[in-house]
């Protein structure tokens, strides 16, 4: 199970991180207004990330004895809480997108 979870994590990170870079480089509406910029692509990216987080959270709870870690649990819940502001209100899309760029480090972390 660990190998498949790492593969899914890596694929998620590459997709979300790649889309985040695309938005940073080419989405002028988000980059012009960091607070209320048109967040259509950012919302898509956050929705993908949220889906992954919910899936990973369910796996974490289901396999708590082997995977359980309160820090992972806190991380997932905090990220979902923050992402709901972007999805629900369109607030701070630039910063949410910038945060998703950090996902590009995940494949390297998974290789250790």
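Count of the range 84-112 residues, restricted to those that are at pLDDT below 95, crowded, with 19+ Cβ neighbours inside 10 Å and within 17 Å of residue 56 (Cβ to Cβ), is 0. Taking the range 62-81 as the range and being within 19 Å of the chain's Cα centre (by Cα) and either within 17 Å of residue 50 (Cα to Cα) or assigned to a helix (DSSP H, G or I) (or both) as the test, the residues that pass are 70, 71, 72, 73, 74, 75, 76, 77, 78, 79, 80, 81.
Every listed requirement among (1) surrounded by 14 or more Cβ atoms within 10 Å (Cβ to Cβ); (2) in contact with a helix residue (DSSP H, G or I) (Cβ under 7 Å, 6 or more places away or on another chain) is met by residue 18 save one, (2). Considering every residue within the range 88-106, establish whether at least one is on the phi > 0 side of the Ramachandran plot and out of contact with any strand residue (DSSP E or B) (no Cβ under 7 Å at 6 or more places or on another chain). Yes, that holds for at least one residue.
Looking across the range 26-55, the residues that are surrounded by fewer than 13 Cβ atoms within 10 Å (Cβ to Cβ) and under 26 Å from residue 111 (Cβ atoms) come down to 51, 54. Of the residues examined, residue 19 is one that is over 10 Å from the mean Cα position of the chain (by Cα), assigned to a helix (DSSP H, G or I) and under 11 Å from residue 101 (Cα atoms). Those residues that are within 20 Å of residue 7 (Cβ to Cβ) and surrounded by 11 or more Cβ atoms within 10 Å (Cβ to Cβ), I need them from the range 63-74; list them, please. 63, 67, 72 - these are the residues of the range 63-74 that are within 20 Å of residue 7 (Cβ to Cβ) and surrounded by 11 or more Cβ atoms within 10 Å (Cβ to Cβ).
The values are calculated or read from the model by the stated rules, or taken from the named source; none is laboratory data. Fair warning: this is a prediction, and the values are worked out from it, not measured in the lab. Methodologically, a virtual Cβ is constructed for each residue, glycine included, from the backbone with ideal geometry; neighbour enumeration extends over all protein chains shown.
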